[in-house]
1. Under a crude label model (7 Å from the Cα following the beta-carbon direction), how far is LYS114 from THR189 in nanometres?
2. Quick one: Debye curve from the alpha-carbon atoms of region 182-221 only, equal weights, vacuum; give me log10 I(q)/I(0) at q = 0.16, 0.29 Å⁻¹ to two decimals.
3. What ranking, highest mean first, results for peptides 133-139, 40-46 when packing means the other Cβ atoms within 10 Å averaged over each residue?
4. If packing is taken as the mean number of other Cβ atoms within 10 Å per residue, what is the order of 58-71, 104-117, 84-97, highest first?
5. Taking the Cα centre as origin and putting +1 on Lys and Arg beta-carbons and -1 on Asp and Glu beta-carbons, what dipole magnitude results for the chain, to the nearest 20 debye?
6. Where both partners of a DSSP beta bridge lie in region 2-175, what percent of those bridges are antiparallel, to the nearest 5?
7. Under 1.5 on a/c is rounded, so check that first for region 46-162, then, if it is not, pick prolate when a/b is larger than b/c and oblate when it is not; a ≥ b ≥ c are the square roots of the alpha carbon gyration tensor eigenvalues.
8. How big is the antiparallel share of DSSP beta bridges in region 73-164, given as a percent to the nearest 5?
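The values are calculated or read from the model by the stated rules, or taken from the named source; none is laboratory data. On a predicted model such as this, the values are computed, not experimentally measured, just so you know. Cβ placement follows ideal geometry from the backbone for every residue including glycine, while neighbour counts extend to all protein chains displayed. Heavy atoms of the whole protein, side chains included, go into the accessibility calculation; ligands, DNA and RNA do not. Shrake-Rupley method; radii C 1.70, N 1.55, O 1.52, S 1.80 Å.
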Amino acid sequence: MNFHVVTIFPEICQAYTDASVLGRAQKTDKGKGAKVRGKKISVSYYNPRDFTIDKHHKVDERPYGGGPGMVMKAEPILKAWEKAVGRKKGKVKTLIMSPRGKKFDQPLAKKLAKSYEHIALISGRYEGIDDRVKKILKAEEVSVGDYVLTGGELPALTIIDAVAREIPGVLGTYESLEDQRPTSGVSYTRPDVLLWKGKKHPVPEVLLTGDQKKIDQFRTAE
Ligand code: SAH
């Protein structure tokens, strides 16, 4: 899976995607035990500012019809998108981050992971993006929840993160997909008795018994 992020803040996004599980998934896995060899994902960034032609690299303008704030201009975003996926032959999906979009959820994450080779994610800022971008790119607007953020970077990262962990081999030996485990949910780790402000907090005893059947029953009940 290849993710292509269009954002005027690539550096804050890249710090996240280079770390931990997502960072590892972008490197070639030569480990003997690796079930799925090679790179599992790639994440590339395209800054609309780099596709402006004016001296000040302006990416926003005042809205037609009046109103507060600024709107992101269409052209720098279209050019950034073109550079990202314009010539890609594989299956490409373009998502525009928007609080008015279709609600992102786990089934959509699975579907995206299965159905596409390239996902372009366009992050807005200010009052949003010139609406013509959506039509021209035949893009789908996606929302990560019923709240309004200051930018589409966190939504784009949220989607990348949730889709990436559905790609075979992205999760390591410790992590595994929730629905492939008999149970998920609450978890405990060492110490078995936590001492906090004079009070003892033990883990549920059944987890220490080693009786896997009982443990699974307990977790399901939880
Ligand atoms: N007045 C605008 C709000 C823009 S918020 C409107 O009604 O659309 C600025 C940018 O943040 C948006 O362009 C979008 O990319 C992003 N954003 C904010 N909240 C979001 C959410 N819940 N889901 C996805 N993107 C969101």
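1. Rounded to a tenth, the inter-label distance reads 3.2 nm.
2. Log10 I(q)/I(0), no solvent term: -0.45, -1.02.
3. Working: 133-139: 15.9, 40-46: 19.6.
Most protected by this proxy first, the peptides run 40-46, 133-139.
4. Details: 58-71: 12.8, 104-117: 14.7, 84-97: 17.1.
Packing order, densest peptide first, comes out as 84-97, 104-117, 58-71.
5. In debye, rounded to 20, the chain gives about 740.
6. On the way: 3 of 24 bridges.
Antiparallel bridges make up about 10 percent of those DSSP assigns within region 2-175.
7. Oblate, since a/c reaches 1.5 and b/c is not below a/b.
8. 10 percent
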